[in-house]
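Let me begin by presenting the structure, written as structure tokens, before commenting on it.
The values are calculated or read from the model by the stated rules, or taken from the named source; none is laboratory data. What you see is a predicted model; the values in this text were computed from it and never measured. Here Cβ is always computed from backbone atoms with ideal geometry, including for glycine, and neighbour counts include all displayed protein chains.
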Amino acid sequence: MKNILSVIVLIGGEAIIVAAFFLLRGDAPNNVFALNLIVSSFVYILLFADLLVPWRRIGDKSDSRLGSIGIRWMATIVYAIVAVAFMLVANIVFDWSFQLQVIVHCCFVFFMLLAFVGLMASSSRISSVYQEQTTERKGLDDIRRAAMRLSDTVSLNPALPSGYRVKASEIESEIRFISPSASAEAADMENELARLLHDLDIEISNYGHNGDTIDSLFARSARVLSRRKNLRQ
């Protein structure tokens, strides 16, 4: 329904522009009249698209488009003002030739498209950086969740030795000091640590005669955590 209404409004506005041009045509030559009508319609459609077509993709958490909307709006508005102003000056004040008007309007469109190309490049870069940051954080998010589950498991089992609670709390605390890294070595350590914490969670959930296994897993987790924390990008 919204799309249909938008199309109706778009067509209605264009009809008003066309009607106004024919009613106020005066003695303008056919080629100049057609050029002015095309430019006016193009400006209208451009502004209409800016107002009603969403610039931010749904689900795009990087806000890559939203972050560049100021450049897009500026390029569109500046082009619209300059194009309309030139059209009025060229036909009312100076009565410039059709060929000159075409060349100037083409230059205006070129510079506007140039701004859009720069906009798309910056938007793509923002999205790329966001993806890199997401990849860097994924491993850390996995081990944080694993550490939280381990702490919950330990805290919910009062029969466990108190040392387990201390060790689980230390691991969860130390993870906060790990800096994100995109290196393969960091990813391997994060995967290993997440696996060790998962194994610890399972062993502690079935605590009985597996104290040696739990102690070994805690020691290995602490070593991997220390190596990962000291890893430089």
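Would you check if LEU100 is of a type in the set (A, V, I, L, M, F, W, C), part of a helix (DSSP H, G or I), assigned by TED's automatic domain parsing to the domain that holds ALA121 and at pLDDT below 85? Quick ask: steps written out before the conclusion?
Numbers: of a type in the set (A, V, I, L, M, F, W, C): yes; part of a helix (DSSP H, G or I): yes; assigned by TED's automatic domain parsing to the domain that holds ALA121: yes; at pLDDT below 85: no.
Spelling it out, it is not the case that LEU100 is of a type in the set (A, V, I, L, M, F, W, C), part of a helix (DSSP H, G or I), assigned by TED's automatic domain parsing to the domain that holds ALA121 and at pLDDT below 85.
Restricting to region 1-24, count the residues that are at pLDDT below 85, surrounded by 13 or more Cβ atoms within 10 Å (Cβ to Cβ) and either of a type in the set (S, T, N, Q) or closer than 23 Å to ILE103 by Cα (or both).
Residues flagged as at pLDDT below 85, surrounded by 13 or more Cβ atoms within 10 Å (Cβ to Cβ) and either of a type in the set (S, T, N, Q) or closer than 23 Å to ILE103 by Cα (or both) within region 1-24 amount to 1.
I need a count of the residues in region 161-192 that are buried (at least 17 other Cβ atoms within 10 Å of the Cβ), among the β-branched types (Val, Ile, Thr) and over 13 Å from LYS138 (Cα atoms).
Looking only at that region, the number is 2.
Applying the selection to region 188-203, what residues are in contact with a Ser or Thr (Cβ under 8 Å, 6 or more places away or on another chain) and touching a residue at least 40 places away in the same chain (Cβ under 8 Å)?
So the first thing to find is which residues in region 188-203 are in contact with a Ser or Thr (Cβ under 8 Å, 6 or more places away or on another chain), and the list is 193, 196-197, 200-201, 203.
Correct list: LEU193, LEU197, LEU200, ASP201.
Among the residues of region 191-231, which ones are within 15 Å of GLU172 (Cα to Cα) and of a type in the set (Asp, Glu)?
Within region 191-231, just ASP201 meets the criteria.
Yes/no per residue for (1) in contact with a Gly (Cβ under 8 Å, 6 or more places away or on another chain); (2) modelled with pLDDT of 85 or more:
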| position | (1), (2) |
| --- | --- |
| ASN157 | no, no |
| SER162 | no, no |
| LYS167 | no, yes |
| GLU170 | no, yes |
| SER181 | no, no |
| GLU185 | no, yes |
| ASN191 | yes, yes |
| ALA194 | yes, yes |
| LEU200 | no, yes |
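Which numbered condition trips up SER128, out of (1) at pLDDT below 85; (2) within 30 Å of LEU35 (Cβ to Cβ)?
(2)
Go over the candidates SER173, SER151 one by one and state the one that is in a helix (DSSP H, G or I), polar (S, T, N, Q), over 20 Å from THR213 (Cα atoms) and free of Cβ contacts under 8 Å to residues at least 60 places away in the same chain.
Numbers: SER151 fails: over 20 Å from THR213 (Cα atoms).
Criteria check complete, one pass: SER173.
Going through region 86-121 one residue at a time, which ones are of a type in the set (Phe, Trp, Tyr) and either free of Cβ contacts under 8 Å to residues at least 24 places away in the same chain or over 18 Å from LEU46 (Cβ atoms) (or both)? Don't jump to the end; show me each part of the working.
Within region 86-121, the subset of a type in the set (Phe, Trp, Tyr) is 86, 94, 96, 98, 108, 110-111, 116.
Across region 86-121, the qualifying residues are PHE86, PHE94, TRP96, PHE98, PHE110.
Do you know which residues across region 72-97 are at pLDDT below 85 and surrounded by 16 or more Cβ atoms within 10 Å (Cβ to Cβ)?
Of everything in region 72-97, those that are at pLDDT below 85 and surrounded by 16 or more Cβ atoms within 10 Å (Cβ to Cβ) turn out to be ARG72, ALA75.
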